[in-house]
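A short worksheet on the structure shown next.
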Amino acid sequence: MREKRVKLRLLAALTIAIVGGTAVAQNINAAGATFPNPIYNRWFTEYAKAHPSVHINYQPIGSGGGIRQVSDGTVDFGASDGPMTDEQLSQAKVKVIHIPTVLGAVVPVYNIPNLNRDLNFSGDVIADIYIGKIQKWNDPRIAKDNPGVNLPDHQILPVYRSDGSGTTYIFTDYLSKVSPEWQSKVGRNTSVKWPGPGVGQKGNEGVAGMVRQAPYSFGYVELIYALQNKMSYGAVKNATGKFLKATPDGVTAAAAAAAKNMPADYRVSITNAGGDSSYPISSFTWLLIPRQFSDPAKGRAVKDFLTWMLDKGESEAAGMGYAPLPAQVQTMVRKTITTIK
Amino acid sequence: MSSPIISVAQTPRQTDPSGASQGSPVQQDVGPEAPKSAVRQFLMSRSSGKAADTTFLAIMLMCALSIFAIVIFILFILIARSKLSISQFGFKFFTRSAWDPVSGDFGAFAFIYGTLATSLLALLMAVPLALGVAVFLTELCPQKLRAPISFLTELLAAIPSVVYGLWAVFVLVPLMRDQLGPLLQKYLGWTQLFNGYNFGVGLLTASIILAIMILPIISSIARDIMLAVPISQREGVLALGATRWEMIRMGVLRNARIGIVGAIILGLGRALGETMAVTMVIGNHPEIPNSLFSPGYTLASVIANEFTEATGDVYLSALIEIGLALFLVTIVVNAIARALVWAVTRGAPARAH
Amino acid sequence: MLTNPFHTPPPPQDFAATGPPVQQRSRRVRLNRMRRHLWNHVVTGLAVLSTVIVIAPLVAILAYLIYKGASSLNLAFFTHIPAPVGEPGGGMANAIVGSGLVLAVASLMGIPVGIAAGVYLAEFGRGGWLASAIRFTADVLNGVPSIVMGIAIYSLIVMRQKHFSALAGGVALAIMMVPTITRTTEEMLATVPHAIREAAYGLGVPRWRTVLSVTLKTASPGIITGCMLAFARVAGETAPLLFTAFGNQFWSLRLNQPIAALPLQIYVYAISPYDEWHRLAWGGSLVLIVLIMVSVTLVRIYANRGVLKGAS
């Protein structure tokens, strides 16, 4: 009889613990791009420390996933670095708006054993690597951009994204601008039919992981992934002909023109931007926030987070390899936040 | 039992109120034939009557029918959600090799090829080994070693797919890339199967890890089959002067042929649907591979990679149609296999597998 | 007769007077015998070799797993949630607890249904066509890929409810447990001697009571091992959780919210580039394997205790 009482008490305590321990925090679910995942991850963790009653659970499943899940309503908000098309916006079951958060850069990463120099890549060279026209590292076109470098006579393994990816969108957007063949054959999208050889990996993490481990491979990832994993990344030729390695300043320069003429829905492409110091493969990344939240408490929490992001979050961007939003854009965003219900 | 006795003591014949028992002996109020009160009658009938048994049977039957319900429900929902893709692409979906989310053009042939190629290659590698282990454990193994070795082979079946994938990514892929691949290319390059560059991930690596995964299934079912062959068959062949191998071949394997084929087909069924480990090492390239080193894509992998992000109804519907195809194929394959196995073991109590 | 593998009885005596001369005949017979012996040795060797080849990767995998995993298991692993990307430290505590919750939900749903179905097949349905059909369907259902279950449950529960949830993950795992539990329950109940049932009937125990209190109780060790087998099998499943439980970087014990799960986290960490995450993936794999091995070993112990003796 005493045993039974002890068991009952334990059961009661467990139930209270479960119910009580979790009833406190409000859970907000989000999903989307892996491009900004490192900084979103840090933001959400810090925000949870500052506001322990709100847990924003962000799952980096790729921009395509973010668009699909927020359109279906299975997550509370999404994230994508490829803006939604008009068709996607009209077909979505939940109406969303784009809110830009940071700017980032996509860099070409490669793994050539015993080479510790930074390589230069022209846009059309990159396009032809993925089309399959350029197959070996010591191809004359690569050598032309890298005089004096001892390139190995070895086949290139191109690595791309197997999942729906905003990073792919940015990358293919850039390639479409610099290679007419790419524009006609492939186009720009979060998920494309890769014309040439190569292997697909899931997420920025997957591509970075693959390139890190496979010698003679070549891929494209967001800058922070190359930095965090100490990978070699190359310089890309920008619209004025200069070879630039990605830096937050280069990205800010690329956004300068767009910042002045920002459309109201924030959907703008800044790849291959003009200007001497612009890094050519730059982009905004957006959060896809529903215009109206079905749960007003969630709406308030999200609005609160967005304001926190503008006040405190943006200052951390540069430290992580992203560029903060230009001042004019920040002002616009503050106004847009008030329209969310 | 006390109440009848008390009633006898408390109701002397003279004061019997009912009057209906005049002249009846005392025994009328004693024993189980004594008229029970209405409440007692009610309680006893609730727990031992037909109703309780029928209710119990009904509940058990419903739970058993739930298995049918599960299969029907999965079928129904897969068909419902893939209607869009079926109406758009028709049967050509399975014969064309195209996967272009941009233009909305989908054809699953490359995945079917990848699935079949990896599964058949895995079978090729696993079946001889599995049969060898089965023969060893049932016929040749000393009694003391039997339990540990069979335990070890069953442990292989217990390792989850994702752990196999983890090991494959960090051990098998570098092994294939740095040691095994060049070796194969050097000695077997003439077969034209090893052309193209070897990056570690691809068809061959996926097949190897798949072979390791289906081995325990084929082996354990083959063992069950071989144990079901009556000992008289073995003894008869030995009495005719056969060597041990001849005894196995003629007495056991010949009788167990059908069941062993069933075991192999079961292994095939598992290989067709295997997802996680294959996804991590197949390279995710939706094109028909032209060498054992090239990356490919399987039906299960494309679903795992692209399901949560398929934007657009046709895209999602195409993926679900692939899921439907996978479901139907594995059901058919498993049904054939189980029928073959059952034919040999005749439902004899198998081990808990 | 079956003890010495190298013993063959002498060849049958040749009584026929016709045929080749004795010396030639016995030479041919001798060569034939040698060939057969040789084959015997060759095949024996091949069988042993194949067993070694099969055991070798298992030992290699387990050894590597223990080596890599043990070094990353520390107290923080079991008590902390994942640290932000790129930062060291952190653990998989929420994934372990999350897996536990999803498995508990799955067991609560799957075990009763499975045992009840097994009871029906063993007690009420023996020999009928319905029982054979159900048995067959259960075996076939066992072979359906888990990813198909995942997308079916996604379509049914997640899309309707408009959010991922631990409940959906539990349901997906439950429908995978049911066929296994059904079959093993049925087999265990079939081993209960009829005499026990008849003794109960003789005492006037109603049928349903007999099944519950007598037959099930007698077979309960076997049934429990069947449940543990099913449990061990679904504990390592990742594919159905990809689209149902979804994953969560925080502590969560709520059934209607996404939840972290151990196999899911291992998958995400394994394909990432961060060494820290690789370390956690190995540690998580070791935890998962230990859990599964313990269940399988317990099953083996029970088997040797005699409950499954007739069957193994």
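All of the numbers you see were taken from the coordinates with simple rules; none came from a lab. This structure is a prediction, so every number in the text was calculated from the model and none was measured. Counting neighbours? That spans all protein chains shown, and the Cβs are built from the backbone with ideal geometry, glycine included.
Between rounded, prolate and oblate, where does the protein assembly as shown land on the alpha carbon gyration tensor, with a ≥ b ≥ c its root eigenvalues, rounded for a/c under 1.5, else prolate if a/b exceeds b/c?
Details: a/c = 2.54, a/b = 1.31, b/c = 1.93.
The shape class here is oblate.
For the residues C:Val192, C:Val290, what sequence is obtained by ranking on other C-beta atoms within 10 Å, fewest first?
Details: C:Val192 18, C:Val290 14.
Listing C:Val192, C:Val290 from fewest to most nearby Cβ atoms yields C:Val290, C:Val192.
Helix C:93-119 versus the longest principal axis of chain C: what angle, 0 to 90°, nearest 10, using Cα atoms?
Helix C:93-119 and the main axis of chain C meet at about 60 degrees.
Helix A:203-213 against the longest principal axis of chain A: what's the angle in degrees, Cα atoms only, rounded to the nearest 10?
50 degrees
Compute, for chain A, the length of the dipole vector about the Cα centre, with Cβ point charges of +1 (Lys, Arg) and -1 (Asp, Glu) only. Units Debye, rounded to 20. It would help to have the intermediate numbers written out before the result.
Numbers: 36 positive and 26 negative charges, 219 e Å.
For this selection, approximately 1060 debye.
More than 21 angstrom separation, counting every C-alpha pair in segment B:195-295; what % is that?
On the way: 2637 of 5050 pairs.
Beyond 21 Å sits 52 percent of the P(r) for segment B:195-295.
Expressed as a rounded percentage, what relative contact order does chain B have, with Cα pairs under 8 Å and six or more residues apart?
Values: 412 pairs, mean separation 81.6, N = 353.
Relative contact order here is 23 percent.
Rank by packing, highest mean first: peptides B:151-161, A:32-42, with packing defined as the count of other Cβ atoms within 10 Å averaged across residues.
Details: B:151-161: 20.1, A:32-42: 27.8.
Ranking the peptides B:151-161, A:32-42 by packing returns A:32-42, B:151-161.
Once you keep just the Cα pairs under 8 angstrom separated by 6 or more residues, what percentage relative contact order results for segment A:245-302?
Numbers: 53 pairs, mean separation 18.2, N = 58.
Result for segment A:245-302 is 31 percent.
Can you tell me how much longer the chain between A:Gln328 and A:Lys245 gets when fully stretched, taken as 0.36 nm per residue apart minus their C-alpha distance, in nm with one decimal? Before the final figure, lay out the partial values.
Values: separation 83, 0.36 × 83 = 29.88 nm, distance 2.58 nm.
Gain on stretching A:Gln328 to A:Lys245: 27.3 nm.
Before rounding to the nearest 500, sum -39500 (n - 2.57) across all DSSP H runs of length at least 4 in chain C and divide by the residue total; then give [θ] at 222 nm in deg cm²/dmol. Walk me through the numbers before you get to the answer.
Working: 11 runs with 202 residues, N = 312.
After summing the helix terms and dividing by residue count, I get -22000 deg cm²/dmol.
If you take each beta carbon of peptide A:211-223 and count the beta carbons of other chains within 10 angstrom, what is the mean? Walk me through the numbers on the way to the answer.
On the way: counts 1, 3, 9, 6, 4, 2, 1, 0, 0, 0, 1, 0, 0.
The mean count of partner-chain Cβ atoms within 10 Å per residue comes to 2.
Quick one: helix A:296-311 against the long Cα principal axis of chain A, what's the angle to the nearest 10°, folded into 0 to 90?
Around 50 degrees separate the two axes.
Any idea what the dipole of the protein assembly as shown comes to, in debye rounded to 20, about its Cα centre with Lys/Arg Cβ at +1 and Asp/Glu Cβ at -1?
That gives a dipole near 2460 debye.
Which helices, taking whole DSSP H runs in chain B, have alpha carbons extending 27 angstrom or more along the helix axis plus mean Kyte-Doolittle at least 1.6? Don't jump to the answer; show the numbers that get you there.
Working: long enough: B:50-89 (56 Å, 1.76); B:109-135 (38 Å, 2.08); B:203-228 (37 Å, 2.05); B:254-273 (30 Å, 1.00); B:313-345 (47 Å, 1.81).
Sorted by number, the helices that extend far enough and score high enough are B:50-89, B:109-135, B:203-228, B:313-345.
Amide H to amide H under 5 Å from A:Phe218: which residues, 5+ apart in sequence or cross-chain, H placed 1.01 Å off N in plane?
Those qualifying (amide H under 5 Å, at least 5 residues apart or on another chain) are A:Leu157, A:Val159.
Can you give me the relative contact order of chain C as a percent, contacts being Cα pairs under 8 Å and 6 or more apart?
Normalised by residue count, the contact order of chain C is 23 percent.
Would you mind ranking C:Arg279, C:Arg160, A:Arg68 by Cβ crowding within 10 Å, fewest neighbours first?
Values: C:Arg279 18, C:Arg160 9, A:Arg68 29.
Taking fewest neighbouring Cβ atoms as first place, the list is C:Arg160, C:Arg279, A:Arg68.
List the residues whose amide H sits under 5 Å from the amide H of B:Val102, counting only those 5 or more places along or on another chain, with H placed 1.01 Å from N in the peptide plane.
Answer set, sorted by chain and number: A:Lys193.
Going by the alpha-carbon gyration tensor, a ≥ b ≥ c the square roots of its eigenvalues, is segment B:149-253 rounded (a/c under 1.5) or, if a/c is not under 1.5, prolate (a/b greater than b/c) versus oblate?
Working: a/c = 4.19, a/b = 1.90, b/c = 2.20.
Cα axes put segment B:149-253 in the oblate bin.
Could you size up the charge dipole of segment C:210-306 around its Cα centre, putting +1 on the beta carbon of Lys and Arg and -1 on that of Asp and Glu, and report it in debye to the nearest 20?
It works out to roughly 420 debye.
Enumerate the calculated ³J(HN,Hα) couplings along segment A:130-145 in order (Karplus 6.51 cos²θ - 1.76 cosθ + 1.60, θ = phi - 60°), each rounded to whole Hz, writing x wherever the residue is Gly or Pro.
Per residue, the Karplus-derived 3J(HN,Hα) values read 6, 6, x, 6, 9, 10, 10, 5, 8, 4, x, 6, 6, 5, 4, 6 Hz.
For a quick protection proxy, order the peptides C:226-239, C:44-57, C:26-39, C:254-267 by their average other-Cβ count within 10 Å, most packed first.
Put in order of decreasing packing, that is C:254-267, C:226-239, C:44-57, C:26-39.
Counting only DSSP beta bridges with both residues in the protein assembly as shown, what percent are antiparallel, rounded to the nearest 5? Don't jump to the answer; show the numbers that get you there.
Details: 29 of 47 bridges.
So the antiparallel bridges amount to about 60 percent of the total.
Once amide H atoms are placed 1.01 Å from N in the peptide plane, what residues at a sequence separation of 5 or more from B:Ser294, or on another chain, have their amide H within under 5 Å of its amide H?
B:Leu203
Which residue, chosen from A:Val333, A:Met309, A:Gly321, occupies the Cα position most advanced towards the positive end of the dipole of segment A:302-341, where the dipole is computed from +1 (Lys, Arg) and -1 (Asp, Glu) charges on Cβ about the Cα centre?
My answer, from the dipole projection, is A:Val333.
Highest first, please rank the peptides A:80-89, B:120-129 by the mean number of other Cβ atoms sitting within 10 Å of their residues. Kindly include the intermediate steps, with their values, before the conclusion.
Values: A:80-89: 21.4, B:120-129: 19.1.
Those peptides, ordered most packed to least, come out A:80-89, B:120-129.
How much FRET efficiency would the formula 1/(1 + (r/R0)^6) give for C:Thr191 and C:Met293, where r is the Cβ-Cβ distance and R0 is 25 Å, rounded to 0.05? It would help to have the intermediate numbers written out before the result.
On the way: r = 26 Å, r/R0 = 1.04.
Calculated transfer efficiency: 0.45.
Past 32 Å, Cα to Cα: identify those pairs from A:Lys230/A:Lys303; A:Lys144/A:Lys185; A:Lys335/B:Lys83; A:Lys95/A:Lys202; A:Lys7/C:Lys162, in the order given. Walk me through the numbers before you get to the answer.
Numbers: A:Lys230/A:Lys303 36 Å; A:Lys144/A:Lys185 25 Å; A:Lys335/B:Lys83 44 Å; A:Lys95/A:Lys202 28 Å; A:Lys7/C:Lys162 37 Å.
Going by Cα-Cα distance, A:Lys230/A:Lys303; A:Lys335/B:Lys83; A:Lys7/C:Lys162 fall outside the 32 Å limit.
Could you tally the net charge around A:Lys202, taking each other residue with its Cβ under 11 Å from the Cβ of A:Lys202, Lys/Arg +1 and Asp/Glu -1?
-3
Spelling out what I want: for every residue of segment B:275-285, take phi, set θ = phi - 60°, compute 6.51 cos²θ - 1.76 cosθ + 1.60 (Karplus), and round to whole Hz; glycine and proline get x.
Rounded to whole hertz, the list is 10, 5, 4, 5, 4, 6, 10, 8, x, 6, 10.
Work through the residues other than A:Asp265 whose Cβ is under 14 Å from its Cβ and net out their charges, Lys, Arg +1 and Asp, Glu -1. Before the final figure, lay out each step's value.
Working: positive: A:Lys95, A:Arg267, A:Arg291, A:Lys335; negative: A:Asp86.
Cβ neighbours under 14 Å give a net charge of +3.
Under a 10 Å cutoff between Cα atoms, tell me which one of A:Pro197, A:Pro290, A:Pro140 has the largest fluctuation in the Gaussian network model of chain A.
Among A:Pro197, A:Pro290, A:Pro140, the largest GNM mean-square fluctuation belongs to A:Pro140.
Within 10 Å of each Cβ in B:138-144, how many Cβ atoms from other chains are there, averaged over the peptide?
Whole-number average of other-chain Cβ neighbours for B:138-144 is 2.
How shielded is C:271-281 by partner chains, expressed as the average number of their Cβ atoms within 10 Å of its Cβ atoms?
Numbers: counts 14, 11, 20, 8, 2, 1, 2, 4, 0, 0, 5.
The shielding value for this peptide is 6.
By counting other Cβ atoms within 10 Å of each Cβ, how are A:His55, C:His80 ranked from fewest to most? If you can, show how the numbers build up before the last one.
Values: A:His55 24, C:His80 15.
Result, fewest neighbours first: C:His80, A:His55.
Which of C:Gly98, C:Gly284, C:Gly128 moves most in a GNM of chain C, Cα contacts under 10 Å?
Highest fluctuation among the options: C:Gly128.
Most mobile of B:Lys50, B:Lys144, B:Lys92 per a Gaussian network model of chain B (Cα springs, under 10 Å)?
Among B:Lys50, B:Lys144, B:Lys92, the largest GNM mean-square fluctuation belongs to B:Lys50.
Across segment C:207-212, in residue order, what do the Karplus-derived ³J(HN,Hα) couplings come to in whole Hz, using 6.51 cos²θ - 1.76 cosθ + 1.60 with θ = phi - 60° and x for Gly and Pro?
Karplus-based 3J(HN,Hα) across segment C:207-212 equals 4, 5, 5, 4, 4, 5 Hz.
Cross-link candidates for C:Lys217: which aspartates and glutamates have Cα within less than 12 Å, leaving aside residues fewer than 8 places away along the same chain?
Output for C:Lys217: empty list, no partners.
Net charge near A:Pro36, counting Lys/Arg +1 and Asp/Glu -1 over other residues with Cβ under 11 Å of its Cβ?
Numbers: positive: A:Arg42; negative: A:Asp81, A:Glu222.
Local charge sum for A:Pro36: -1.
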